[in-house]
Amino acid sequence: MLKILFFGQLKDVTQTEYLDIDIIQNGERLNTVAKLRSLLQAKGAIWNEYLAYGRALVAVNQEMTGDDAEIHEADEIAFFPPVTGG
């Protein structure tokens, strides 16, 4: 089971703080962040827009990563909007 966390505006627009999902979806293993992102984006227009590559950063097991990162059973994946400071 993967634990998917959402922070900031992503949590607000998806109305979801976290999801627990099986790593096997429709007979296919979600073995990269890119595959997971695509699965989540298919949940609807808001998900597609706000989880688009470049609009949401991602961390796997609390380590910043990219869409090419591998994911494994029991990983924690967090999506959050880019942060700017001033």
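The values are calculated or read from the model by the stated rules, or taken from the named source; none is laboratory data. Small disclaimer: the values here were computed from a predicted structure and weren't measured. Positions of Cβ are generated from backbone atoms using ideal geometry, with glycine treated the same way; all protein chains shown enter the neighbour counts. What goes into the accessible areas is simple: the full protein's heavy atoms, side chains included, and nothing from ligands, DNA or RNA. Shrake-Rupley method; radii C 1.70, N 1.55, O 1.52, S 1.80 Å.
Amide H neighbours of Ile71 under 5 Å, at least 5 residues apart or on other chains, H built in the peptide plane: list them.
Amide H neighbours of Ile71, under 5 Å, 5+ apart: Thr32, Val33.
What share of the DSSP beta bridges in the chain is antiparallel, in percent to the nearest 5?
Beta bridges within the chain, antiparallel portion: roughly 75 percent.
Can you tell which of Asn48, Ile24, Phe80 lies farthest toward the positive end of the dipole of the chain, using +1 and -1 charges on the Cβ of basic and acidic side chains (Lys, Arg; Asp, Glu)?
Asn48
Taking the solvent-accessible surface of protein heavy atoms with a 1.4 Å probe, what is the per residue accessible area of segment 3-86 in Å²?
Details: 5110 Å² over 84 residues.
Heavy-atom accessible area per residue stands at 61 Å².
Show me, for segment 7-17, the HN-Hα J-couplings you get by feeding each phi into the Karplus relation (A = 6.51, B = -1.76, C = 1.60, θ = phi - 60°), rounded to Hz, glycine and proline as x.
Once θ is set to phi - 60°, the couplings for segment 7-17 become 10, x, 4, 4, 5, 5, 6, 8, 6, 9, 8 Hz.
Would you mind telling me the share, in percent, of accessible area of segment 1-53 contributed by carbon and sulfur at probe 1.4 angstrom?
Carbon plus sulfur share of accessible area: 47 percent.
For the chain, modelled as a GNM with alpha-carbon contacts under 10 angstrom, which of Leu57, Leu36, Leu19 fluctuates the most?
Result: Leu19 has the largest fluctuation of those listed.
On average, how much area does the Cα convex hull of the chain cover when viewed from any direction, in nm²?
For the Cα atoms of the chain, the hull's average projected area reads 5.5 nm².
Suppose every Lys and Arg Cβ carries +1 and every Asp and Glu Cβ carries -1, with no other charges. What dipole size does segment 28-86 come out with about its Cα centre, to the nearest 20 debye? Don't skip to the answer; put the middle values down first.
On the way: 5 positive and 9 negative charges, 59 e Å.
So the magnitude is around 280 debye.
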